[in-house]
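For reference, the structure is listed below as structure tokens.
The values are calculated or read from the model by the stated rules, or taken from the named source; none is laboratory data. These numbers come from a predicted model, not from an experiment. Cβ: placed from backbone, ideal geometry, glycine included. Neighbour counts: every protein chain shown. Heavy atoms of the whole protein, side chains included, go into the accessibility calculation; ligands, DNA and RNA do not. Shrake-Rupley method; radii C 1.70, N 1.55, O 1.52, S 1.80 Å.
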Amino acid sequence: MCGIVGYVGKTKIQKSRVIDACNLLKHRGPDDKGFYFEKVGKNFVYFGHRRLSIIDLNKRSNQPFRFKNNILIFNGEIYNYKELKKELEDRGHFFKTNSDTEVVLNSYIEWGENSLKKFNGMWSFIIWDSSEKELFISRDRFGKKPLFYTFHKGTFLFS
């Protein structure tokens, strides 16, 4: 599956550190890599993603995946994403990909943290809401897709 890395903190670090960390995960995602770097007030938000293309092989599904003010990096698979996509379309959502990635992000936009109750699958993901300046993290119920993180003195690191 894919690999994700990230940093959120007040200390500016070299972007190359996130790029290097992401490259260490190449074995988890040899098909593509992507990055997101933003300074938000006094904080820096840096994401890296390595993609193993399984669902929707088109580059439009590469990550970090952005929609409106939200940025998602995602590792895993949502088995019931087609059913959730139909439910979201019935609620007025439009999709430009055939990926479960876009379904995860739209589910979060529609139902917030309650979207987790709807997911059947294995995942770890991070969503950054740039308008609200909020970070949302999730891992599947059984830890099938690991999410390692630490928070120390105002710095949040994850992989």
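Key figures
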| item | result |
| --- | --- |
| Any hit, region 62-74, residues being aliphatic (A, V, I, L, M), part of a helix (DSSP H, G or I) and crowded, with 20+ Cβ neighbours inside 10 Å | no |
| Tally, over region 114-159, of residues that are over 20 Å from PHE47 (Cβ atoms), in contact with a strand residue (DSSP E or B) (Cβ under 8 Å, 6 or more places away or on another chain) and either open to solvent by 60 Å² or more (accessible area, probe 1.4 Å) or assigned to a loop (DSSP other than H, G, I, E, B) (or both) | 4 |
